1. Within the bounds of the range B:42-63, is there any residue that is among the polar types (S, T, N, Q) and within 30 Å of A:LYS99 (Cβ to Cβ)?
2. From (1) farther than 12 Å from B:ASN92 by Cα; (2) loosely packed, with under 13 Cβ neighbours inside 10 Å, pick out the condition that doesn't hold for B:ILE24.
3. Which is among the aromatic types (Phe, Trp, Tyr) and either touching a residue at least 60 places away in the same chain (Cβ under 8 Å) or surrounded by fewer than 18 Cβ atoms within 10 Å (Cβ to Cβ) (or both), of A:PHE71, A:PHE100, A:PHE12?
4. What is the one condition in (1) more than 15 Å from A:ALA40 (Cβ to Cβ); (2) crowded, with 18+ Cβ neighbours inside 10 Å that A:ASN148 does not satisfy?
5. For the range B:63-113, please list each of the strands (runs of 3 or more DSSP E) lying entirely inside it that holds at least 1 residues being among the polar types (S, T, N, Q), within 14 Å of another protein chain (Cβ to nearest Cβ) and free of Cβ contacts under 8 Å to residues at least 24 places away in the same chain.
6. Out of the range A:19-29, which residues are surrounded by 13 or more Cβ atoms within 10 Å (Cβ to Cβ) and either at pLDDT 90 or above or outside any helix (DSSP H, G or I) (or both)?
7. Please note which helices (runs of 4 or more DSSP H) are completely contained in the range A:53-133 and include at least 1 residues that are in contact with a strand residue (DSSP E or B) (Cβ under 7 Å, 6 or more places away or on another chain).
8. Within the range A:90-101, can one find any residue that is out of contact with any His (no Cβ under 6 Å at 6 or more places or on another chain) and closer than 22 Å to A:ALA68 by Cα?
Amino acid sequence: MKIKKIAFLGLFVAVAMILSFLETLIPNIVPIPGFKIGLANFAILLALYLYDYKEAIIVDLVRILLSAILFGSMFSLFYSLSGAVLALTVEIVFKRVDKFSVIGVSVLGAVFHNIGQFILAICILKSFSLLYYLPFTLIFCILTGAFNGYLVLILKDRLKFINNKNQS
Amino acid sequence: MKKNDLILIIAALLLLIPIALIIIGSKDGDKALVKRDGKIIDVIDLSKDGIYTYESESGYNKVEVKNKEIRVNEADCPGHDCVNKGFIKRNNESIICLPHKFEVTISSNDEGYDVVIQ
């Protein structure tokens with residue numbers, strides 16, 4: 001069981017890394033280093049729904065560290081982290097509350113990921129002019145968040161065998 | 001998919017799209033405020049073409065004004081997000097270089113009220 005779980009969590013990290021890399025190829029719509037449209041959140045959501053919050057936190061942290069080392073800088077590490085911590089907290093809380101399905105949780109996560117990054121950027125810049133871009137990025141991330149949530153919604157029942165305790 | 005999901009997405013989009021449209025429709029500005037660390041260090045008149053260089057201990061940004069538009073055309077920051085941003089001209093739009101804490105924000109002389117609600 002343990003080994004199987006480690007292997008699958010590694011697989012989730014790999015999927016998240018590939019998505020993070022794909023995101024770096026898309027031109028940045030906002031001048032925030034480390035600002036991403038949030039495709040990698042797909043793998044974290046999948047870990048959250050197939051396992052539990054602990055596994056999602058592990059996958060998210062490993063993904064952020066590795067993608068900062070491979071495609072980013074120390075600078076982008078903190079931006080990813082500021083968004084991810086807020087987003088994952090919100091996702092875990094709203095999954096517990098059970099008012100929304102995966103799609104709603106994913107959208108809320110994406111929105112708070114955005115807000116977390118903007119808060120940090122505004123603090124560093126000591127200026128609110130960044131807020132100009134917030135409506136555009138929010139519209140964008142709601143759409144990608146809904147898309148991610150929909151993918152996880154279809155996949156989470158088909159992939160249930162991953163976390164089947166009786167099998168091993 | 002639950003009903004709450006749809007309500008959340010539609011409500012958020014209904015709130016954000018009008019804001020985005022208002023921003024897109026805003027007028028062109030006629031001056032640019034150059035700020036570092038939140039403080040205004042220069043004001044550029046957008047009606048005159050020219051190239052300005054701003055240096056600090058963290059690095060330099062070269063700003064170019066052309067046809068009432070402004071851009072950062074050269075910088076030594078790691079990500080080059082400010083250069084990739086390209087030209088801007090709308091009121092309140094800005095170019096930001098986070099590694100240098102440098103920003104260029106478009107502003108308007110008539111103290112920019114786009115809409116006055118009475």
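1. Looking only at the range B:42-63, we keep the residues that are among the polar types (S, T, N, Q), and these are B:47, B:53, B:56, B:58, B:61.
When the remaining residues are screened for being within 30 Å of A:LYS99 (Cβ to Cβ), the result is none.
Within the range B:42-63, none of the residues are among the polar types (S, T, N, Q) and within 30 Å of A:LYS99 (Cβ to Cβ).
2. Every listed condition holds for B:ILE24 apart from (1).
3. Details: A:PHE100 fails: either touching a residue at least 60 places away in the same chain (Cβ under 8 Å) or surrounded by fewer than 18 Cβ atoms within 10 Å (Cβ to Cβ) (or both); A:PHE12 fails: either touching a residue at least 60 places away in the same chain (Cβ under 8 Å) or surrounded by fewer than 18 Cβ atoms within 10 Å (Cβ to Cβ) (or both).
Going through A:PHE71, A:PHE100, A:PHE12 in turn, just one is among the aromatic types (Phe, Trp, Tyr) and either touching a residue at least 60 places away in the same chain (Cβ under 8 Å) or surrounded by fewer than 18 Cβ atoms within 10 Å (Cβ to Cβ) (or both): A:PHE71.
4. Every listed condition holds for A:ASN148 apart from (1).
5. Working: elements: B:69-75, B:94-97, B:102-107.
Answer list for the range B:63-113: B:94-97.
6. From the range A:19-29, those surrounded by 13 or more Cβ atoms within 10 Å (Cβ to Cβ) are A:19-24, A:28-29; that's our starting set.
Within the range A:19-29, A:ASN28, A:ILE29 qualify.
7. Numbers: elements: A:53-71, A:74-97, A:102-125.
Result: A:102-125.
8. Keep residues of the range A:90-101 that are out of contact with any His (no Cβ under 6 Å at 6 or more places or on another chain), which gives A:90-101.
Right, trim to closer than 22 Å to A:ALA68 by Cα and you get none.
So far as the range A:90-101 goes, no, none of its residues is out of contact with any His (no Cβ under 6 Å at 6 or more places or on another chain) and closer than 22 Å to A:ALA68 by Cα.
The values are calculated or read from the model by the stated rules, or taken from the named source; none is laboratory data. Computed from a prediction, not measured in an experiment: that's the story for all the values here. For neighbour counting, all protein chains shown are included, and Cβ atoms are generated from backbone atoms with ideal geometry for every residue, glycine included.
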